[in-house]
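The values are calculated or read from the model by the stated rules, or taken from the named source; none is laboratory data. The structure displayed is predicted, hence computed values, not measured ones. Note that each Cβ is placed from the backbone with ideal geometry, even for glycine, and that neighbours are counted across all protein chains shown. Only protein heavy atoms, including side chains, enter the accessible area calculation; ligands, DNA and RNA are left aside. Shrake-Rupley method; radii C 1.70, N 1.55, O 1.52, S 1.80 Å.
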Amino acid sequence: MKKVMLDAGHGGSDSGAVGNGLEEKDLTSRIAQYAKTYLLNYYEVQIGMTREDDRFIKLQERANIAKRFNADLFVSIHINAGGGTGFETFIYSQPSQATIAFQNILHSRILQAMRAYGQTADRGKK
Ligand SMILES: [Zn+2]
């Protein structure tokens, strides 16, 4: 069974982007919780979460949590502000073929789902 680590970006004293009465840390937490429920309902996967409450976790600790979980896939969720609108995905600079394949699948499927609810610009795979 594949292991997926969901990382709700920011948390605790680190709110992330703030605007329109919203804080990024709350939105990323809700998206991560939704994704966890969805994946457990529809797929044979084991889900790990870097955080399930409003707490600050350093980036290195997030990576350590994923390593201890022995994650096959690590997905960090962010809601960026500024620099326009749309959807984008990032992978690190020297990815494996598996990482590129995961990005291709996740990018197209998430963008497709977002577009079902309205116009969403494709900011690209980076
Ligand atoms: Zn962020």
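Restricting to the range 15-31, name every residue that is open to solvent by 50 Å² or more (accessible area, probe 1.4 Å) and in contact with a helix residue (DSSP H, G or I) (Cβ under 8 Å, 6 or more places away or on another chain).
Val18
Mind counting the residues in the range 32-61 that are under 19 Å from Met1 (Cβ atoms) and surrounded by fewer than 14 Cβ atoms within 10 Å (Cβ to Cβ)? Before the answer, list the steps.
Start the filter on the range 32-61 by keeping residues that are under 19 Å from Met1 (Cβ atoms), which leaves 35-49.
From the residues that got through so far, the ones that are surrounded by fewer than 14 Cβ atoms within 10 Å (Cβ to Cβ) too are 37-38, 40-44.
Number satisfying all stated conditions: 7.
Considering only residues that are away from the ligand (no atom under 16 Å from the Cβ) and not in a loop (DSSP other than H, G, I, E, B), look in the range 62-97 and name the one that is most open to solvent (accessible area, probe 1.4 Å).
Applying the filter and picking the extreme gives Arg68.
What residue, of Asp54, Asp72, is more than 23 Å from Ile100 (Cβ to Cβ), touching a residue at least 12 places away in the same chain (Cβ under 8 Å) and not basic (Lys, Arg)? Let's see the steps before the verdict.
Values: Asp72 fails: more than 23 Å from Ile100 (Cβ to Cβ).
None of the others qualify; the one that does is Asp54.
What is the residue count in the range 1-34 for residues that are within 12 Å of the ligand (Cβ to nearest atom) and among the basic types (Lys, Arg)?
Total meeting the criteria: 1.
Report yes if Ile65 is of a type in the set (A, V, I, L, M) and modelled with pLDDT of 95 or more, otherwise no.
Judged against the criteria, Ile65 is a match.
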